[in-house]
Each structure stands twice: as C-alpha cells, then as structure tokens.
Amino acid sequence: GAVVSQHPSRVICKSGTSVKIECRSLDFQATTMFWYRQFPKQSLMLMATSNEGSKATYEQGVEKDKFLINHASLTLSTLTVTSAHPEDSSFYICSAQPGLAGGTQYFGPGTRLLVL
Amino acid sequence: SQQGEEDPQALSIQEGENATMNCSYKTSINNLQWYRQNSGRGLVHLILIRSNEREKHSGRLRVTLDTSKKSSSLLITASRAADTASYFCATDGSDSWGKLQFGAGTQVVVTP
C-alpha cells in the first residue's frame, strides 16, 4: 500500500526557534498534501493544503507566516513552525493524496513537537 | 471547524463483542471515510464509502451511510484486543476539493 513518512518523529525545541517537519510519499506521487494538528485527546484539525508548485492554502485562523509550507516536489512537503512557542506544542500529521481530489488520503505517522 | 460529530465518545467492550459507533455530519459530501488511530500514532485508513453507496464491508468492518440523515455508522464485529484505538470519521465535502473534516472520534477499549 501507499506509504507516507514523516521526519522527525518527535522534536523538542526551545521557545523562539524554528522547526522543520518533512512529509514524504515513498511510493507514489502526491500533487496534494495536507497538514493537520492534533492536540491531546482531540480530533485532527486541518491546517493547510499543500499543492506542488504553488502556494499552500491555509484554513481560517492558521497563520501562514508562522506555519510555512513548501511543496517542492511531488513526493515532499515541509512544514516549518517559525518562532515556536509552548502553545505550538502538538502532534502534527501530514497526509498525501495520489491522483485527483476525492480519493483516499494516506497519513504519515505524525511528529510530536514539544516547545519548552 | 469539525464537521462530524461522533458518538459514543468512548466505548468499552469485551473481546468477541461487536462495537458500533456513529458519525453525523452537516453538509453534502463526496465520500465519508473511517480511520483508526492507535495512541500517539498516525491514522490508518479503514474504509471509504461514496455518497451513492449505502453499505460497505471490509473484513470485520461494516460501514453504512445514510445521506438523507447525514449519518454513518461503523460496526466492528467479533472485536479483538488489537482493535483498541480511537476511530474517526472524516467527510470529503462536495465543495472542499479533497479536504477532510474529521469528527471528534470514538475511543474504543476492548478488554480480553
């Protein structure tokens, strides 16, 4: 089946630093990738849609200057949390969708971010 | 914002019993998907049911969809301890271009 990886799996950083999270589709090409955030014991909240070769589209309330998304190739999207603060601590999950919109999305294993 | 509401929020059953959870949504959809998440892990896709389908099976899983009531159910038959996880429904809205809106999830605990 389709495999999506994320790196790193967990990261601890100091407040004020930036953290980059990678999302890769290992055995398929993904024109579109999605980034979600999940707080403990809560559901996934869509943050943004990452489109290869174009700007990401962000959901309402998500600061695009704080959460920088780059979808440089059909197999890689990156999320950079800039000037991280403790309230950014969360579980970040990406998904990748092969083919056209409306099909199955394949999720990465997630990245746990802890900002001290 | 979350589209789906799921109930129950939590479900505790014994091995061998069936587990049923429900999902309601608000807008028209292209499809509805069910996912499983083990604690601290990513999501595993279980089943996708399209808006023109009413029922779908996959192994011990049975999903129904009632678009008139905007609701879906997931049934896990003959549950096992390994089925312990959180289960989420997610809707792909008719005008959302593939973006998924997740429900709040049902936490299922299966005891041996």
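Return the only residue of B:ILE13, B:ILE49 being within 13 Å of chain A (Cβ to nearest Cβ) and either touching a residue at least 24 places away in the same chain (Cβ under 8 Å) or in a strand (DSSP E or B) (or both). Of B:ILE13, B:ILE49, the one residue that is within 13 Å of chain A (Cβ to nearest Cβ) and either touching a residue at least 24 places away in the same chain (Cβ under 8 Å) or in a strand (DSSP E or B) (or both) is B:ILE49. Number of residues in segment A:31-56 that are basic (Lys, Arg) and either under 22 Å from B:THR106 (Cα atoms) or touching a strand residue (DSSP E or B) at 6+ places or on another chain (Cβ under 8 Å) (or both) equals 2. A search for C-beta distances below 9 Å between a residue of segment A:13-35 that is surrounded by fewer than 19 Cβ atoms within 10 Å (Cβ to Cβ) and any residue that is in a strand (DSSP E or B) and among the aromatic types (Phe, Trp, Tyr), counting only pairs 6+ apart in sequence or on different chains, returns A:PHE28/A:TYR106.
Quick one: which of B:SER51, B:SER86, B:SER79 is crowded, with 17+ Cβ neighbours inside 10 Å and either closer than 30 Å to A:GLU59 by Cα or in contact with a Leu (Cβ under 8 Å, 6 or more places away or on another chain) (or both)?
Criteria check complete, one pass: B:SER86.
The set of residues in segment B:1-28 being among the β-branched types (Val, Ile, Thr) and under 19 Å from B:LEU61 (Cβ atoms) consists of B:ILE13, B:THR20.
Residues checked against (1) touching a residue at least 12 places away in the same chain (Cβ under 8 Å); (2) in contact with a strand residue (DSSP E or B) (Cβ under 9 Å, 6 or more places away or on another chain); (3) aliphatic (A, V, I, L, M):
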{"position": "A:GLU63", "(1), (2), (3)": "no, no, no"}
{"position": "A:LEU68", "(1), (2), (3)": "yes, yes, yes"}
{"position": "A:LEU76", "(1), (2), (3)": "yes, yes, yes"}
{"position": "A:LEU79", "(1), (2), (3)": "yes, yes, yes"}
{"position": "A:SER83", "(1), (2), (3)": "yes, no, no"}
{"position": "A:SER89", "(1), (2), (3)": "yes, yes, no"}
{"position": "A:ILE93", "(1), (2), (3)": "yes, yes, yes"}
{"position": "A:GLN97", "(1), (2), (3)": "yes, yes, no"}
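All conditions in (1) of a type in the set (Ser, Thr, Tyr); (2) more than 18 Å from B:PHE102 (Cα to Cα); (3) in contact with a Leu (Cβ under 6 Å, 6 or more places away or on another chain) hold for A:TYR36, with the sole exception of (2). For B:ALA19, indicate whether it is exposed (fewer than 14 other Cβ atoms within 10 Å of the Cβ), under 15 Å from the mean Cα position of the chain (by Cα) and in contact (Cβ under 8 Å) with a residue 60 or more places away in the chain. Taking the combined requirement at face value, the residue does not satisfy it. So in segment B:18-46, with the set limited to residues that are in contact with a strand residue (DSSP E or B) (Cβ under 8 Å, 6 or more places away or on another chain) and not in a strand (DSSP E or B), which one is nearest to the other protein chains (Cβ to nearest Cβ)? Among them, the one singled out is B:GLY42.
Tally time: how many residues in segment A:64-96 are small (Gly, Ala, Ser), within 18 Å of A:SER50 (Cα to Cα) and either more than 14 Å from chain B (Cβ to nearest Cβ) or in a loop (DSSP other than H, G, I, E, B) (or both)?
Residues meeting the conditions: 3.
Consider segment A:36-58 and keep the residues that are more than 12 Å from the chain's Cα centre (by Cα) and away from every other protein chain (no Cβ under 11 Å). The one that is surrounded by the most Cβ atoms within 10 Å (Cβ to Cβ) is A:GLU52. Screening A:GLY108, A:GLY103, A:GLY61, A:GLY99 for residues that are surrounded by 15 or more Cβ atoms within 10 Å (Cβ to Cβ), more than 14 Å from the chain's Cα centre (by Cα) and either polar (S, T, N, Q) or within 13 Å of another protein chain (Cβ to nearest Cβ) (or both) leaves exactly one candidate, A:GLY103.
We did not get these values from a lab; they are worked out from the coordinates using the rules stated. Small disclaimer: the values here were computed from a predicted structure and weren't measured. Note: ideal-geometry Cβ built from the backbone for every residue, glycine included; neighbour counts use all protein chains shown.
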